[in-house]
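Asks: Handing you a structure now.
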Amino acid sequence: TAIISSIRKVLRRCRCREVGFESNSLTVDLHCSLVEGVDDVHWIACGGLVERLRMVKDRDEIRSIRKAVMLAERAFDTVRSGLRGIDQERTVAHAIENEIRRFGGRGCSFSPIVAVGPRAALPHATVEDIPIGEHGLLLIDWGADSPDGYKSDLTRVLHTGKISPKLKRIYQLVLKAQQRAIEAIRPGAKCADVDAVARKVIADAGFDKYFGHGLGHGIGLDIHEGPRLSAANSEPLKAGMVVTVEPGIYLPGVGGVRIEDDVLVTRGGHEVLTSLPKDWDGAATQLG
């Protein structure tokens with residue numbers, strides 16, 4: 001193609017001897033096309049190099065993420081206010097997508113998770129044609145694309161009917177774990193240590209085996225970016241990083257709770273970018 005030909009010309013003109021390429025995204029076929037005709041260049045795989053640079057956001061990127069958060073929250077509030085018991089998981093997901101676009105976003109930053117009752121115990125449930133009024137618990141995990149492609153990622157659990165005392169306790173426990181973890185976010189704090197704060201709250205209550213994923217991840221142009229808030233990542237947080245904080249407890253056959261917010265690491269600590277209510281009373285929702 002013209003682009004490949006142009007790259008070859010630039011390499012010859014600049015007399016480059018070493019050229020890095022993004023091994024995580026460059027296909028074998030495209031790599032072969034680039035290598036052909038420039039035999040004197042040493043190609044170096046640089047997987048993750050650009051992604052690491054993207055972990056710390058600049059002012060414009062943070063502004064775009066704020067926009068993505070605003071779009072997601074406006075869409076959620078609009079859809080939530082009109083929820084009916086006969087609405088299905090699938091139609092709720094489609095409605096969120098439609099509202100994000102109506103408010104000026106590109107659409108959802110990923111396929112929304114809308115899961116009722118026991119299906120909320122599936123961390124990555126795919127939507128089905130199940131009426132949301134069949135159970136008293138509704139988990140919604142969604143996000144918006146800003147006009148320039150930056151993402152947001154939120155999760156809220158609504159109680160729309162009678163809830164067992166056990167699930168209410170689970171909800172309050174997950175909320176406590178999330179709040180403690182958010183309080184631990186600051187420049188220099190290790191990702192693993194922040195993860196451990198939330199995990200200890202859940203483990204102390206005896207539910208550690210029901211929290212089987214990392215605490216969170218970075219967001220930006222991709223919905224999953226560095227850094228990872230997990231026990232396996234000991235790197236420190238830096239001002240300008242934006243991460244999700246999303247502890248969860250999932251009880252097979254019963255239900256699950258995950259509460260997720262987007263948090264900016266600031267020079268003095270942190271700022272929670274999301275603002276939707278998440279206390280127990282704020283999660284109460286009347287279905288039409």
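Asks: Using the Karplus curve 6.51 cos²θ - 1.76 cosθ + 1.60 with θ = phi - 60°, what ³J(HN,Hα) values do you get for each residue of segment 159-173, in whole Hz, with x for Gly and Pro?
Replies: 9, 10, x, 5, 10, 5, x, 5, 5, 5, 5, 4, 4, 5, 5
Asks: Would you mind getting me the FRET efficiency between ARG59 and LYS166? Use the beta-carbon distance for r and R0 = 41 Å, nearest 0.05.
Replies: Working: r = 45 Å, r/R0 = 1.10.
So the FRET efficiency works out to roughly 0.35.
Asks: Something else now. With everything on Cα atoms, drop me the angle between helix 191-204 and the longest principal axis of the chain, reported from 0 to 90° to the nearest 10.
Replies: Between helix and principal axis, roughly 20 degrees.
Asks: Taking every pair of Cα atoms in segment 109-194, average 1/r, invert it to obtain the Kirkwood radius, and report Rg/Rh to two decimals.
Replies: Ratio value, two decimals: 1.04.
Asks: Still on this structure, I have one more. When the Cα centres of segment 145-161 and segment 69-121 are compared, how far apart do they sit, in Å?
Replies: Going from one Cα centre to the other spans 8 Å.
Asks: If you don't mind, there's one more thing I want to ask. Using the Karplus curve 6.51 cos²θ - 1.76 cosθ + 1.60 with θ = phi - 60°, work out ³J(HN,Hα) for each residue of segment 266-276 in order, rounded to whole Hz, and write x for Gly and Pro.
Replies: Rounded to whole hertz, the list is 10, 4, x, x, 7, 9, 7, 7, 8, 9, 5.
Asks: Just the number please: accessible area per residue for segment 219-288, 1.4 Å probe, all protein chains included, in Å².
Replies: Details: 2730 Å² over 70 residues.
Normalised by residue count, the accessible surface of segment 219-288 is 39 Å².
Asks: Could you list which residues have their amide H under 5 Å from that of LEU273, counting only those 5 or more apart in sequence or on another chain, with H placed in the peptide plane?
Replies: ASP262, VAL263, LEU264
Asks: Any idea what % of Cα-Cα pairs in the chain are farther than 30 Å?
Replies: 39
Asks: How many percent of all Cα-Cα pairs in segment 154-288 sit more than 21 Å apart?
Replies: 40
Asks: Expressed in nm to one decimal, what extension gain is obtained for the pair TRP280 and HIS94 from 0.36 nm per residue of sequence separation less their Cα-Cα distance?
Replies: Extending this stretch completely gives an extra 64.4 nm.
Asks: Enumerate the calculated ³J(HN,Hα) couplings along segment 133-140 in order (Karplus 6.51 cos²θ - 1.76 cosθ + 1.60, θ = phi - 60°), each rounded to whole Hz, writing x wherever the residue is Gly or Pro.
Replies: After applying 6.51 cos²θ - 1.76 cosθ + 1.60, I find x, 6, 9, x, 10, 9, 9, 10 Hz.
Asks: Give me the extension gain from CYS46 to GLU128: residue separation times 0.36 nm, minus the current Cα-Cα distance, reported in nm with one decimal.
Replies: Computed gain between CYS46 and GLU128 is 25.5 nm.
Asks: Determine which residues of segment 238-259 fall in the zone a paramagnetic label at LYS209 would reach in this model, i.e. backbone nitrogen under 17 Å from the point 7 Å along Cα→Cβ.
Replies: 249-255
The values are calculated or read from the model by the stated rules, or taken from the named source; none is laboratory data. In this text the structure is predicted, and so the values were computed from the model without any measurement. Virtual Cβ from ideal backbone geometry, glycine too; neighbours counted across all protein chains shown. The area values use the complete protein model at the heavy-atom level, side chains included, leaving out ligands, DNA and RNA. Shrake-Rupley method; radii C 1.70, N 1.55, O 1.52, S 1.80 Å.
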